[in-house]
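The values are calculated or read from the model by the stated rules, or taken from the named source; none is laboratory data. The shown structure was predicted, so the numbers you read here are calculated from the model rather than taken from an experiment. Backbone-built Cβ (ideal geometry, glycine too); neighbour counts: all protein chains shown.
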């Protein structure tokens, strides 16, 4: 490898996979309850667009793929508004939105919830002072 080559580093996330067990139920939840833009389905997979990051719901092909996903944090401008809307749609939150960290120019707020397959998801909001 040439030492003149620019340094390599991964940066853009193209897709995140979320394990689900009942595809139709999961599609309704992510599309209708969470309001994420639905793209398309193929056998055992469904795809959504979350502001340029593709979410893939997938029924696990093998036992080693059958596990909860990493925590996915959905950025929202007004966490209290998003919390109330999703609560009205039946999302079961683990507590209410709460301050995680007061920063110099904003406060970081979060609220956590599980999807129908017990994957941990969160709302996050950076509130300016």
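Brief remarks on what is shown
- Within segment 1-27, the residues that satisfy the criterion of being in a helix (DSSP H, G or I) and either in the same structural domain as residue 117 (by TED's automatic domain parsing) or more than 12 Å from residue 48 (Cβ to Cβ) (or both) are 23, 24, 25.
- Some residue of segment 70-78 being part of a loop (DSSP other than H, G, I, E, B) and closer than 15 Å to residue 26 by Cα: no
- Residues satisfying the stated conditions in segment 35-49, i.e. out of contact with any strand residue (DSSP E or B) (no Cβ under 7 Å at 6 or more places or on another chain) and within 22 Å of residue 122 (Cα to Cα): 35
- Residue list for segment 84-101, filter: over 14 Å from the mean Cα position of the chain (by Cα) and either in a helix (DSSP H, G or I) or not assigned by TED's automatic domain parsing to the domain that holds residue 117 (or both): 84, 85, 87, 88
- Per the listing 117, 77, the residue uniquely surrounded by 15 or more Cβ atoms within 10 Å (Cβ to Cβ) and touching a residue at least 24 places away in the same chain (Cβ under 8 Å) is 117.
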